[in-house]
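The structure appears below as structure tokens.
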Amino acid sequence: MEFKIDTNPTYIQITPVPNVLNANLSGELRQKWTEYTQSGSQNFVIDLKNCTTAEKDAFEGLIELHADCYSNGQSLVFTGVQDEVMQLMKETETDMAINLAPTRQEAVDIISMEILERDLFNEE
């Protein structure tokens with residue numbers, strides 16, 4: 001599966017190239033997350049702008065990935081969700097279980113706030 005990867009000082013942006021969000025794609029996203037976590041990355045933005053359709057079986061994988069990130073003290077925000085995909089996310093209540101941001105900048109802002117929160121809580 002093909003991905004566009006952008007490395008930034010505080011986060012990794014992963015943009016899947018395929019236009020269908022399915023269970024295989026969510027599994028591949030987990031593999032990418034594992035690779036980058038092992039190399040020291042802590043925060044991730046997944047830009048789904050190319051995914052114009054989705055299969056509901058993909059959402060469980062996204063929810064599990066989100067939960068695993070946060071249990072490891074990492075941040076994960078999904079952005080660029082197309083209308084059809086968002087509609088399915090709302091039907092399955094996936095939108096309530098993961099971090100979504102309308103733009104990449106807002107995703108980066110969420111990550112920045114979570115980094116500050118973790119730093120504050122670690123000081124106490």
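Values computed for the structure shown
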{"item": "Qualifying residue in the range 101-114 (condition: in a loop (DSSP other than H, G, I, E, B) and either crowded, with 20+ Cβ neighbours inside 10 Å or modelled with pLDDT of 95 or more (or both))", "result": "yes"}
{"item": "Residues of the range 1-50 satisfying the condition of being surrounded by 15 or more Cβ atoms within 10 Å (Cβ to Cβ), more than 10 Å from the chain's Cα centre (by Cα) and acidic (D, E)", "result": "E28"}
{"item": "Test set (1) surrounded by fewer than 20 Cβ atoms within 10 Å (Cβ to Cβ); (2) hydrophobic (A, V, I, L, M, F, W, C); (3) over 13 Å from the mean Cα position of the chain (by Cα) - A54 fails condition number", "result": "(1)"}
{"item": "Selection count where residues are of a type in the set (V, I, T), in contact with a helix residue (DSSP H, G or I) (Cβ under 6 Å, 6 or more places away or on another chain) and within 17 Å of N19 (Cβ to Cβ), scope the range 54-95", "result": "1"}
{"item": "Within the range 73-108, tally of residues that are within 14 Å of the chain's Cα centre (by Cα) and charged (D, E, K, R)", "result": "3"}
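The values are calculated or read from the model by the stated rules, or taken from the named source; none is laboratory data. What you are looking at is a predicted structure, and each value in this text was computed from that prediction instead of being measured. Note that we place each Cβ from the backbone using ideal geometry, even for glycine, and neighbour counts take in every protein chain shown.
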